[in-house]
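Accompanying notes for the structure given below.
The values are calculated or read from the model by the stated rules, or taken from the named source; none is laboratory data. Since the model is a prediction, treat every value here as computed from it, not as a measurement. Cβ placement follows ideal geometry from the backbone for every residue including glycine, while neighbour counts extend to all protein chains displayed. Surface areas here come from the heavy atoms of the whole protein model, side chains and all, with no ligands, DNA or RNA. Shrake-Rupley method; radii C 1.70, N 1.55, O 1.52, S 1.80 Å.
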Amino acid sequence: EAGVAQSPRYKIIEKRQSVAFWCNPISGHATLYWYQQILGQGPKLLIQFQNNGVVDDSQLPKDRFSAERLKGVDSTLKIQPAKLEDSAVYLCASSARLAGGLTDTQYFGPGTRLTVL
Amino acid sequence: AQTVTQSQPEMSVQEAETVTLSCTYDTSESDYYLFWYKQPPSRQMILVIRQEAYKQQNATENRFSVNFQKAAKSFSLKISDSQLGDAAMYFCAYRDGARGSNYKLTFGKGTLLTVNP
């Protein structure tokens, strides 16, 4: 079974530029998550999708971050304009939806390391 | 809000010996899950072990086992017969289990494990 795919693996941009990250979850996984991991910290949830609907985006800085999940499969996370403090690893994860509305373990992609200069 | 605390920023162990990583958490929920994830330098978050709060029996996966103390809200990871490949950052994570809850993971800050040959 193929895992969660992410691209690019690395990205370096100047502040105020825009950037986009792509995620392809495990086939059949209904729930998709984007986490931000700043150096020396644990990941923090930015946004969670259930199919193509947003479940939780309370921690997403909506003035500069946006995300969408096309047709309930792939997802794109965008930052525009980027700030220095956005330098981090962006992790995508997915999980299956179990019977009874419960959800299974989250499986993570390799992440995208963003450096904002 | 739930919080997860890992009080050991760094730990080291000799190859073939045993090491225990500590984790405490705070929640008012009775139904939840706890996880240990491993993150090597490649950045891929790999699930090590998972514990359901309603299960009294401690989870075990080969050389990895947990000591789950629900009343004390403690969830430690024991690695037996440590191998060089076990060297990584280890994150403890919490997730609500109740149906209809968000299912997002709340992570601790991590413990960097070094394995000495």
(message) Take residue A:2 and residue A:17, extend 7 Å from each Cα along the Cα→Cβ direction, and tell me the distance between the two endpoints in nm.
(response) 2.8 nm
(request) Counting only C-alpha contacts under 8 Å and six or more residues apart, can you give the relative contact order of segment A:14-63 as a whole percent? (result) 24 percent
(request) Select from segment A:33-78 those trypsin sites (Lys or Arg not before Pro) which occupy a DSSP coil region and have at most 12 other Cβ atoms within 10 Å, ordered by residue number. (result) A:62
(message) Before I look further, what does segment A:6-75 give for accessible area per residue, probe 1.4 Å, in whole square angstrom?
(response) 52 Å²
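Which whole-number percent is the relative contact order of chain B (Cα, under 8 Å, 6+ apart)?
Once normalised by length, the contact order is 37 percent.
With an 8 Å cut-off on Cα pairs and a minimum separation of 6 or more residues, tell me the relative contact order of chain A in percent. Can you show the working numbers first?
On the way: 294 pairs, mean separation 42.1, N = 117.
Answer for chain A is 36 percent.
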(request) Could you work out, residue by residue across B:103-115, how many beta carbons of other chains sit within 10 Å of that residue's beta carbon, and then give the average as an integer? (result) 5
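Pull out a ≥ b ≥ c, the square roots of the eigenvalues of the alpha-carbon gyration tensor of chain B, then state rounded if a/c is under 1.5, prolate if not and a/b is larger than b/c, and oblate in the remaining case. Please list the in-between numbers first.
Numbers: a/c = 2.03, a/b = 1.71, b/c = 1.19.
Since a/c reaches 1.5 and a/b is larger than b/c, the shape of chain B is classed as prolate.
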(request) Work out how much length residue A:115 to residue A:54 would gain on full extension: take 0.36 nm times their residue separation and subtract the Cα-Cα distance, in nm to one decimal. (result) 19.3 nm
(message) Just to confirm my numbers, what's the Cα centroid distance between segment A:45-117 and segment B:75-117 in Å?
(response) 21 Å
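Give me a single rounded figure for B:13-24: the average over its residues of other chain Cβ atoms within 10 Å of their Cβ. Provide the component values of the computation, followed by the final result.
Numbers: counts 0, 0, 0, 0, 0, 0, 0, 0, 0, 0, 0, 0.
Per-residue shielding by partner chains comes out at 0.
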(request) Using 0.36 nm per residue of separation minus the Cα-Cα distance, give me the extension gain between residue B:10 and residue B:57 in nm, one decimal. (result) 14.1 nm
(request) Please name the residues of segment B:37-69 whose accessible area, counted over protein heavy atoms with a 1.4 angstrom probe, falls by no less than 10 Å² between the chain alone and the full protein assembly. (result) B:37, B:39, B:42, B:43, B:44, B:45, B:47, B:50
(request) Please report the buried accessible area for the interface of A with B, total over both chains, probe 1.4 Å, in Å² to the nearest 100. (result) 2000 Å²
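What range in chain B is the longest one free of trypsin sites (Lys or Arg not before Pro) that are in a loop by DSSP and have at most 12 other Cβ atoms within 10 angstrom? Working shown, then result.
Values: sites that count: B:55, B:99.
The segment B:1-54 is the longest one with no such site.
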(message) Using +1 at the C-beta of Lys and Arg and -1 at the C-beta of Asp and Glu, which of A:48, B:62, B:33 has the Cα lying farthest in the positive direction of the dipole of the protein assembly as shown?
(response) A:48
